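Below: one structure, written as structure tokens.
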Amino acid sequence: MSVSIYNLAGYSAGSFPVIAGKDIQDGCLSPAFVNATAAVSWASISFDPASNSTCGPVDLPSRFKRYFEGSYSNFAAKVDLNGTDVTIQLRKSDIARDDSAPWIFNYKVAY
């Protein structure tokens, strides 16, 4: 398994709020580990296991659940890997429609 490490380089706020008292820049979304041998998806991205005691489980849905209300089934994510960049678009979707502006998280490879 080939894993690349990415640091959060920036983000754009979407139209749905962060849970009161939570801070996107608290360090729990970086670094991200991407399994480069798998198709890039929710399952191929995890976060620093050293931060478990503070940030919770390392899987992508759990880390985003830390910041946004709703069950995992209420979120849709699009993950793009483009050379040295990873972009995650997170939408909060209702049953059949999604009119929310996504949160966009941009990661850069950390050599």
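The values are calculated or read from the model by the stated rules, or taken from the named source; none is laboratory data. Here the structure is a predicted model, which means the values were calculated and not measured. As a convention, Cβ positions derive from the backbone with ideal geometry for all residues, glycine included, and neighbour counts pool all protein chains shown. The area values use the complete protein model at the heavy-atom level, side chains included, leaving out ligands, DNA and RNA. Shrake-Rupley method; radii C 1.70, N 1.55, O 1.52, S 1.80 Å.
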Open item on the list: Return the residues of the range 26-44 that are touching a Phe, Trp or Tyr at 6+ places or on another chain (Cβ under 7 Å) and at pLDDT below 85; say none if nothing qualifies.
Closed with: Val34
Open item on the list: Residues to consider are Asp23, Asp59, Asp99, Asp85; find the one that is among the acidic types (Asp, Glu), on the phi < 0 side of the Ramachandran plot and modelled with pLDDT under 85.
Closed with: Asp99
Task: So Asn106, is it farther than 14 Å from Leu8 by Cβ and either modelled with pLDDT of 85 or more or out of contact with any Cys (no Cβ under 7 Å at 6 or more places or on another chain) (or both) - done: no
Open item on the list: Where the second residue is open to solvent by 80 Å² or more (accessible area, probe 1.4 Å) and assigned to a loop (DSSP other than H, G, I, E, B) and the first is under 13 Å from Phe64 (Cα atoms) and lies in the range 1-25, which pairs have Cβ atoms under 7 Å and are six or more apart or on separate chains?
Closed with: Ile19/Glu69
